[in-house]
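Structure first, commentary second.
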Amino acid sequence: MLYPHTPIVYPSEYRSDSDGNAVRWPSLEGVPVPANIQPHASAVTTVEAGKGGPSQQTRVEAVAYLSGTFCPALDAYAALDWDGWRWVMVGDPIDHQSPDGTLRMWRAEIRRDRALADAPRHG
């Protein structure tokens, strides 16, 4: 069953880590995005790594269908706040568009991330 919500979406951005290296993290500024979110029964999915890298298996706990009209471009480094948790993307979200371009939606497999649980929140 799909549940309508308005999670706060944090697109990815480059920031410097403690060593001065540029790394991708969820942005500090979030955007409220209308969405339908479908809880998932913790299915295991395989996420392919970059060229020649090993693939990785991880648990998908929900699928978010985010309105493309209000949502910034997303990738695997984006995150969202929903239901009192910080959620991260499992792989790259899929950008869907209708043939005439009037409807756009992001389908993102997400999981709770305890590593980002204390990350700064919008608002």
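A short reminder: the numbers here are calculations on the coordinates, not readings from a lab. If you're wondering where the values come from, they're calculated on a predicted model, not measured in any experiment. Reconstructed Cβ throughout: ideal geometry from the backbone, glycine too, with neighbour counts over all protein chains shown.
What's the exposure ranking of 92, 17, going from fewest to most Cβ atoms within 10 Å?
Ascending number of Cβ neighbours within 10 Å: 17, 92.
List 67, 27, 16 from most exposed to least, where exposure is judged by having the fewest other Cβ atoms within 10 Å. Please list the in-between numbers first.
Working: 67 16, 27 20, 16 10.
Final ranking by Cβ density, sparse to dense: 16, 67, 27.
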